[in-house]
Every structure is written in C-alpha cells, then in structure tokens.
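Accompanying notes for the structure given below.
The values are calculated or read from the model by the stated rules, or taken from the named source; none is laboratory data. Keep in mind it's a predicted model, so treat the numbers as computed, not measured. Virtual Cβ from ideal backbone geometry, glycine too; neighbours counted across all protein chains shown. For accessibility, only protein heavy atoms count, side chains too; no ligands or nucleic acids. Shrake-Rupley method; radii C 1.70, N 1.55, O 1.52, S 1.80 Å.
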Amino acid sequence: MSKVDRIQGVRGMNDVLPADEALWDRLESTVAATMRAYGYARIRTPIVEPTRLFVRGLGEVTDIVEKEMYSFVDSLNGDELSLRPENTAGVVRAALEHNLTYESPRRLWYAGPMFRHERPQKGRYRQFHQIGAEALGFAGPDVDAELIMLCRRLWDDLGLPQVRLEINSLGQADERAAHRQALISYLEGHRDLLDEDARRRLHSNPLRILDTKNPAMQEIAENAPRLAEFLGEASRAHFDGLTQRLRDLNQPYHVNHRLVRGLDYYNLTVFEWVADGLTLCGGGRYDPLVEMLGGRASPSCGFALGVERVLELLRQHDLVGEGASPDCYVVHQGDAAAHTAIQVAERLRDAGLDVVMHCGSGGFKSQFKRADASRAAFAIVLGDDEVAKGVAAVKSLRGGQDETGKGEQQSVALEDLADFVLGRLADEPADDANGGI
Ligand code: HAM
C-alpha cells in the first residue's frame, strides 16, 4: 500500500497552536482595552490589496516593495494583487474610500497577519502579525506623543520591563534632499573605507549605509553629517514639541540620529520600541501618504507592533499566564446517563457555565483523566444510578477548597446543579476559574 506524503506548512508561516492561545488572548485583550482607553476604533481591511497601493505608498525602491512582496496576477481578470506586507497603506486606502476622515480626524486600529518574503529567523517570519494604530488627520506633535504613550501603557499593562524608546526626526523631503547631498559627498570622501554593500548604495540609498552592521564602518557612520543639522525651523519645533511632551510625561527617550525606518512615507517624527536587540514596534508620522494615495493632504501618524516579537518577550519573562479552563467536565457511564449528560451540559451552558462534555466511550477512570487534563473546576458525574435518582455527583477537581480537599463528592439534584456550581465557583479565589490573567 503506498503511503501518502504529509503536506507541510509554508516555510516562515507558523501555526498558532492551542497551547499558545492564552498568550495571544492576553495580548489581544490588553490591546483592545488600551485602544479603547485612547479612543481608537477598530478597522478590518482585506489581506489582499492592489499591488500598486504598496508600490505607490511604501516606495518603489524600498526593500519591502523591491523584494519582499507576495505579488500575483489574478488569473480570472488580470488584476495585479499583493498580500499586504503592512497595513498603513491599506488603512489609508479604506479611509479615503469610505470618507472616514471627511468630517473630522479619525483614530483607527487594526490587528492581523502581514506577509513579507524575508529569510525566516527568530523574530522574522514570512507571515507575521501586527497590531497597529493610525491617527489620520492630526498634525501633531501631541498625537505623536499620544501614540507613544499608548505603546508605553501597553508595555506596562503587559508587564514588559525595559522596552526602550528611540526617536528621531526625518524632517521634510527638501531637508532630507539637502542632507542626502551632504552625506553622499562625505561618504565619497571616505570611499576607500566603504564596504562593497555601501559602495553599491552610495547613490541609491546612502541613508541605509548609516544602518551598517559592519564594525569597520561604525566610525564613518557615527561621524557622518546628521539630518538634524539640516532641519528647518518648523521641523525642529515639531521635534522639540514632542520631546517636551515626553519629558512632561516622564517618558524616557533616546534620540537615535540613525533611525531612518524602511518605508518611504515617513516624515518628521519616527520612533521605535526596542527590547533585547529586537524592534518590537515601529512607527512615525506620514504626512505625505494620504495625498500620495489620491486624497486631500492630511497629516497622520501611527505605529505597528510585531505580535510574535512581543509574545516572545512575554515568554522570556515568564509572563505567559494560564489559558482559560472550563468550569465543568461532564463524565457519564451507561446509556441512560449518556442521554441525560448532553441535556445537563446544555442546561449548565444556559446558566453561563463553560462545559466540556465527554464524547465517545470510555470508563470512568479514563474520563476522569481527561477531566483532570481539561483543568476543569468540577467533574459532573452521571451514572445510571444518578439518573434514576435525578441527581448528579459533583466532584471538585481543584484541591484546597474544603477540608476534604480533592476527591470530595456531593450529590446534587439536577434542577439545582447550575446554581450549586455557580455558588461554589463564586467561593473560589477569583483568578482560578479563568486562568489568572
Ligand atoms: P515596520 O517597522 O515595517 O512598520 O513593522 C512594524 C513591526 O512589525 C516591526 O517593528 C516588527 O516588530 C514587526 N515585523 C516586521 N516585519 C516582521 C517579520 N518579517 N516578522 C516578524 N515581525 C515583523 C510598519 O509596518 C509600518 N506600517 C508601521 C506604521 C504604522 N507606521 C505608521 N503607522
């Protein structure tokens, strides 16, 4: 008999298994609460967008657009489409399409998968998830500070220590052009010290040379002319407005003159949150983008965090928490009990309880094993005897709740069962029933 081969998932695209659910759930519920606290409303946009949205929005010569997009032609109508590599362009497209900013500025947030064809490694995947916020139609710098503080609150609420804030100003296009000229002249003057990569980028993307990891080039990068020296008065005032607010809020920051970000739509404020050498979150102001995508000029600012990276940090710091567990696990033996069990389980759920009912066959012993594994608070035990008497035996599966501890069993009339369980759960320490997060 020929054995059929097993189909593997796509490299760099991960399954999120139930064991990780508690962690995801913790992040998602914390984010939802934080976004609410700052007045951001959720938006859900498609995973597939027209390719030209990203080409125009992110910039044709960015790494993402040049080599990381999953692009394809729709074989039915010839449309050129891409899996979204990020969602700022998609959110702005949707906001324009539905006139979301017509009357007043809008605060929006999103969460979902993004796709980049990168070389998979720790913290870098081909399908990864972002949670992001976009404040559309706000000139800042107050909203820049608000977005930064929103992230800060999120790290605090998640219990993540030592996430470091780096900020910079990219100024405006003409200021960047003047800086670029000065930078090229400077680097040309040190041509003999540049590595091959840097020489290749000298005219196409000199700013990226400053990002070099090559130790031999650190000094050149460090002494290169800084964009800050080319900023005009308005750009400088914007940056000062941001840093003043951060100081007022006791938010430490580190000005990183080499922080340039990898997308073309940014101007003025850019920022990143970094922990353990990995960037958890990046963002900034993108005033030109709305106009670039066909809308009326509308200054805007936002950020996106990498979910997998934040979760990894939570794991490293042992901040996982426990997953939700059911209130009851219904075990049963015998034909009559099997029929009653399914009705009892429904009635318990009607009362708001989370119930797992044993399905299929199996003796009491193996059913109790599964009940224990489910981490349910109570086993509801039904044998034909109980059914004949109209009762169920309720057995506590978590120790330390009474003098007899684990193993204590009580016979309860079926009509009183839900109230009995609810009463017992109310007596438990609050964090036990829901996994303590
Ligand atoms: P980004 O810096 O390209 O910005 O991505 C934001 C975050 O997504 C990164 O800091 C990182 O945590 C995570 N990330 C990026 N690529 C990967 C990957 N291959 N695997 C795992 N995580 C990854 C943006 O996408 C902008 N749209 C952010 C923004 C919103 N700017 C303004 N508004």
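Below, the figures for the structure above:
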{"quantity": "Amide H contacts of M69 (H built 1.01 Å from N, under 5 Å, at least 5 apart or other chain)", "calculated": "H117"}
{"quantity": "Interchain or long-range residues, amide H under 5 Å from V391's placed H", "calculated": "L414"}
{"quantity": "Extension gain, A336 back to Y102 (0.36 nm per residue minus Cα-Cα distance, nm)", "calculated": "77.8 nm"}
{"quantity": "Protein accessible area in the range 69-156, 1.4 Å probe - carbon and sulfur %", "calculated": "44"}
{"quantity": "Surface accessible to a 1.4 Å probe, per residue, for the residues of the range 232-325, Å²", "calculated": "42"}
{"quantity": "Contour minus Cα-Cα distance for L202 and E322 (0.36 nm per residue)", "calculated": "38.1 nm"}
{"quantity": "Whole-Hz couplings from phi, Karplus 6.51/-1.76/1.60, listed for the range 123-137; x for Gly and Pro", "calculated": "x, 9, 10, 8, 10, 9, 10, 10, 10, x, 9, 10, 9, 9, x"}
{"quantity": "Relative contact order for the range 328-433, counting Cα pairs under 8 Å that sit 6 or more residues apart, in percent", "calculated": "26"}
{"quantity": "Longest to shortest principal axis, alpha-carbon extents of the range 328-433, angstrom", "calculated": "36, 27, 22"}
{"quantity": "Relative contact order %, the range 28-91, counting alpha carbon pairs below 8 Å whose residues are six or more apart", "calculated": "36"}
{"quantity": "Dipole-positive endmost among A426, V355, A182 within the chain (Cβ charges, Cα centre)", "calculated": "A182"}
{"quantity": "For the range 182-214 and the range 70-135, distance of Cα centres in Å", "calculated": "32"}
{"quantity": "The range 328-433, accessible area per residue, ligands and nucleic acids excluded (1.4 Å, Å²)", "calculated": "53"}
{"quantity": "Contour excess over end-to-end distance, with Cα ends at K122 and A413 and 0.36 nm allotted per residue", "calculated": "99.3 nm"}
{"quantity": "Of all accessible heavy-atom area on the range 197-347, the percent that carbon and sulfur account for (1.4 Å)", "calculated": "49"}
{"quantity": "Sites Y70 and D354, calculated FRET efficiency, Cβ-Cβ separation with R0 51 Å, nearest 0.05", "calculated": "0.85"}
{"quantity": "Kirkwood Rh (inverse of mean 1/r, distinct Cα pairs), the range 236-318, angstrom", "calculated": "14.6"}
{"quantity": "Virtual paramagnetic centre 7 Å along Cα→Cβ of K369, amide N under 19 Å, in the range 321-335", "calculated": "329-334"}
{"quantity": "Residue-by-residue Karplus 3J(HN,Hα) for the range 4-11, coefficients 6.51, -1.76, 1.60, Hz, glycine and proline x", "calculated": "7, 6, 8, 8, 8, x, 6, 4"}
{"quantity": "Cα-based shape type of the range 1-139, given that a ≥ b ≥ c are square roots of the gyration tensor eigenvalues and the cut on a/c is 1.5", "calculated": "oblate"}
{"quantity": "Simple Cβ-charge dipole of the chain, Lys/Arg +1 and Asp/Glu -1, about Cα centre, in debye nearest 20", "calculated": "1100"}
{"quantity": "For the range 332-381 and the range 279-326, distance of Cα centres in Å", "calculated": "41"}
{"quantity": "Kirkwood-based shape ratio for the chain, expressed as Rg/Rh from alpha carbons", "calculated": "1.11"}
{"quantity": "Phi-based couplings in Hz for the range 362-375 (Karplus 6.51, -1.76, 1.60; Gly and Pro marked x)", "calculated": "x, x, 4, 4, 5, 5, 5, 4, 5, 4, 4, 5, 6, 6"}
